[in-house]
Amino acid sequence: MLTYKGLAITWLGHAGFRVSGGGVELVFDPYLIKMRKERPANLVFITHEHFDHLSPQDIAKVSSREKTVIVASKNCMAGLRGVPCRETLHVAPSDEGQVSGVKYRAVPAYNTNKYRAAGIVYHPPEYGGVGFVVDVAGVRIYHPGDTDVIPEMKALGRIDVAFLPVSGTYVMTAAEAAEAANLINPDLAIPMHYGVIVGSKNDAIEFKRLAKCRVEILDAEE
């Protein structure tokens, strides 16, 4: 866990994070997490429908029918049916809103050079996956979902904290993530998307070596 400008930031493993502060708690893409349901979040953000990002059993651990609003890409509609929450909001890139005083904007997320077959990327633009730029207590956080370095990163505006995938195969490699960090220029970058399906801590270490911004490598919550 890391404290940044009054926010407690916890890596839940893989692409999952918990951010607490300003009277709210947010969770991004929980997968194989250790958290208990007794601690429901105000907001849960889901970037796309793949099992390691949309995990109904993990979302249920951090969601309640009384408290939680889920904000998810439109391709998550079927996968979220039956997941307990107060409300579900489905978004596409450029959609924005505010819940519990937290402003959010969905942004593009897609591959440019990670292929499942010749000429076919894992996450094409038309697939509809998203990233999120979230403003909580005056801190702007970027969770990019599964993506490569894309031109739209230039238009994110000020980013205080960027969670960046570093494992390659389906997302940016460590070198590409460093390129993205140098493009976005966050105050702090935290590597993610390694250690479960593909990639290792060595990818995070290499990212830290290459990135020009401050980088913190977090241990996953036990």
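Can you name the strands (runs of 3 or more DSSP E) wholly within region 1-115 that have at least 3 residues being free of Cβ contacts under 8 Å to residues at least 40 places away in the same chain?
69-73, 87-91, 96-99, 102-108
Out of region 151-160, which residues are out of contact with any Pro (no Cβ under 6 Å at 6 or more places or on another chain) and surrounded by 16 or more Cβ atoms within 10 Å (Cβ to Cβ)? Please lay out each step first, then the result.
First pass over region 151-160, keeping only residues out of contact with any Pro (no Cβ under 6 Å at 6 or more places or on another chain): 151, 153-158, 160.
The answer is Met153, Leu156, Asp160.
Taking Ala92, is it in contact with a Ser or Thr (Cβ under 8 Å, 6 or more places away or on another chain), of a type outside the set (Phe, Trp, Tyr), under 22 Å from Val71 (Cβ atoms) and buried (at least 24 other Cβ atoms within 10 Å of the Cβ)? It would help to see each step written out before you state the result.
On the way: in contact with a Ser or Thr (Cβ under 8 Å, 6 or more places away or on another chain): yes; of a type outside the set (Phe, Trp, Tyr): yes; under 22 Å from Val71 (Cβ atoms): yes; buried (at least 24 other Cβ atoms within 10 Å of the Cβ): no.
Taking the combined requirement at face value, the residue does not satisfy it.
Any residue in region 121-128 that is assigned to a strand (DSSP E or B), farther than 25 Å from Lys67 by Cα and either modelled with pLDDT of 95 or more or more than 13 Å from the chain's Cα centre (by Cα) (or both)?
yes
If I filter region 177-198 for residues that are farther than 24 Å from Ser94 by Cα and assigned to a helix (DSSP H, G or I), do I get at least one hit?
Within region 177-198, one or more residues are farther than 24 Å from Ser94 by Cα and assigned to a helix (DSSP H, G or I).
Residues Ala220, Ala174: which one is in contact (Cβ under 8 Å) with a residue 12 or more places away in the chain and surrounded by 21 or more Cβ atoms within 10 Å (Cβ to Cβ)?
After applying the criteria, what remains is Ala174.
The values are calculated or read from the model by the stated rules, or taken from the named source; none is laboratory data. Computed from a prediction, not measured in an experiment: that's the story for all the values here. Quick reminder, even Gly has a Cβ in these numbers, built from the backbone with ideal geometry, and neighbours come from all protein chains shown.
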